[in-house]
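The values are calculated or read from the model by the stated rules, or taken from the named source; none is laboratory data. Values in this document were obtained by computation on a predicted structure and should not be read as measured data. Neighbour counts are summed over all protein chains in view; Cβ atoms, including those assigned to glycine, are modelled from backbone coordinates with ideal geometry.
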Amino acid sequence: MIHVVLSTLVVALNEYIKNELNLQDDMVVLANPSDLGGKVNPQIENKLVVFLQNIEEERVIRNGSYQAYAGINPPKHFNLYIMFIANFPDPNYAESLRYISLVLEFFQGTQVFDRGNLPLLSSNVDKLSFEFVNNSFDELNSLWSLLGLKYMPSATYKLKLLSFTANLIREEVSSVIGKSS
């Protein structure tokens, strides 16, 4: 289900950026920012890359009522940390700042998505709620070290409360992944 949600988000962000900048080509990709050797993934050059930074179990509403789920495990609720990296190497550094600004505008304009404003959203997801994450310099340093990359302009958002039940984890990606320019 994570792949479906992130793929849908990438499609929506691509449409937003293409409309804002009057572009034809997709500029947002869902990919690892680095390859296995720790080098910048070549497919993200001059792109805005989206990737899953972390998964956190939401423990506040954890396993509230076992009686409602007789014979099966209750749903698990997770927060996903999604990172957006603008990889526009010199002399295009200003483009990196422009694309990060567009990410901030995108989520400022809409912090909660449902099928009304995100038609491709899976029927298994009621809504997606995003919150900006303030990373400290130490956290950023650790993250970029883990990625094996030098810092690039980036922003992190917390996607709150994605719920999983046993039958929803393996949802297929069809129309979202197949759509590319």
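Restricting 4, 49 to those that are aliphatic (A, V, I, L, M), modelled with pLDDT of 90 or more and either surrounded by 12 or more Cβ atoms within 10 Å (Cβ to Cβ) or assigned to a helix (DSSP H, G or I) (or both) reduces the list to 49.
In segment 16-43, the qualifying residues are those that are out of contact with any helix residue (DSSP H, G or I) (no Cβ under 9 Å at 6 or more places or on another chain) and modelled with pLDDT of 95 or more, and the one that is nearest to residue 99 (Cα to Cα) is 18. Note on segment 73-97: among residues that are surrounded by 10 or more Cβ atoms within 10 Å (Cβ to Cβ) and over 23 Å from residue 135 (Cα atoms), the one that is modelled with the highest pLDDT is 92.
Considering (1) in a helix (DSSP H, G or I); (2) more than 19 Å from residue 140 (Cβ to Cβ); (3) not β-branched (Val, Ile, Thr), the lone condition that residue 99 does not fulfil carries the number (2). Has segment 133-148 got at least one residue that is aromatic (Phe, Trp, Tyr), touching a Lys or Arg at 6+ places or on another chain (Cβ under 9 Å) and either modelled with pLDDT of 95 or more or part of a helix (DSSP H, G or I) (or both)? There is at least one residue in segment 133-148 that is aromatic (Phe, Trp, Tyr), touching a Lys or Arg at 6+ places or on another chain (Cβ under 9 Å) and either modelled with pLDDT of 95 or more or part of a helix (DSSP H, G or I) (or both). On inspection, residue 168 fails the criterion of being farther than 17 Å from residue 51 by Cβ and at pLDDT 85 or above.
For segment 11-28, filtering for residues that are buried (at least 19 other Cβ atoms within 10 Å of the Cβ) and either without any contact (Cβ under 8 Å) to a residue 60 or more places away in the chain or in a strand (DSSP E or B) (or both) leaves 2.
Every residue, every condition in (1) in contact with a Gly (Cβ under 9 Å, 6 or more places away or on another chain); (2) touching a residue at least 60 places away in the same chain (Cβ under 8 Å), yes or no:
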| position | (1), (2) |
| --- | --- |
| 41 | no, no |
| 54 | no, no |
| 86 | no, yes |
| 119 | no, no |
| 130 | no, no |
| 149 | yes, yes |
